[in-house]
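The values are calculated or read from the model by the stated rules, or taken from the named source; none is laboratory data. Because the structure is predicted, anything quoted here is derived from the model rather than measured. Backbone-built Cβ (ideal geometry, glycine too); neighbour counts: all protein chains shown. These accessible areas exclude ligands, DNA and RNA; they are computed on the full protein's heavy atoms, side chains included. Shrake-Rupley method; radii C 1.70, N 1.55, O 1.52, S 1.80 Å.
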Amino acid sequence: MSESAEAATPRQDTPGQGNPEGGNAEAGSTERGNAERGSGGEPAEYRERLFASWWTWPLPLIIAVLLAAEVHMGHPGVRAWLPYVVLIPAAIAVPLWLGRTRVEISGGELWVGDAHLPLRFIEGAEVVPAADKRLALGPELDPAAFVVHRPWVKSSVRVWLDDPDDPTPYWVISSRRPERLAAALRR
């Protein structure tokens, strides 16, 4: 839904919209809960964080150290240590930032990052194994689909929607535990 269409419509539990106000009055707060509570203040039925894999960490660190060493060699004094202080924490922050996405079912909604979908709009869920992921995200992908793809997560779940007001036919969500996510969505 475009921003102008979203502004013209009343705030309800619109699928796929990361409404900061929460949209649905029954869902409660959309603030990220603590470890025991989900987004709506209720216990989460399913929770997964798509952390970046270990192999995404060395390359940014190596690049940061090499760039800092180059500046160190060219500029002695205070400027010599400054790139280390700036670049190495930035290289650590990048994989942490990439792994911030959460997949969660709580308060009667599926949350993927900031986007949320009331469970009543879900028609079905199917596991997309690693072998079929390329097809699901390539030739078989509907351009109107909502996709949260993380290349370091091998499998996905395709969530079919049943909402006549939403042009999105399905969501494709990366998941390390696709069977558990699909089973939780089918309940």
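Listed here are the residues, each with its yes/no results for (1) open to solvent by less than 80 Å² (accessible area, probe 1.4 Å); (2) in a helix (DSSP H, G or I); (3) at pLDDT 50 or above; (4) farther than 28 Å from Phe146 by Cβ.
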| position | (1), (2), (3), (4) |
| --- | --- |
| Glu6 | yes, yes, no, no |
| Gly33 | yes, no, no, no |
| Arg47 | yes, no, yes, no |
| Trp55 | no, yes, yes, no |
| Ile62 | no, yes, yes, yes |
| Glu70 | no, yes, yes, yes |
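The conditions are (1) among the charged types (D, E, K, R); (2) at pLDDT below 90; (3) under 15 Å from the mean Cα position of the chain (by Cα), and Arg79 fails exactly one of them. Which is it?
Here Arg79 meets the rest and fails (3).
Do any strands (runs of 3 or more DSSP E) entirely within the stretch 132-177 hold 2 or more residues that are open to solvent by less than 30 Å² (accessible area, probe 1.4 Å), and if so, which?
Answer list for the stretch 132-177: 156-161, 170-174.
Please state which of the following conditions Val127 fails to meet, knowing it meets all the rest: (1) modelled with pLDDT of 95 or more; (2) under 14 Å from the mean Cα position of the chain (by Cα).
(2)
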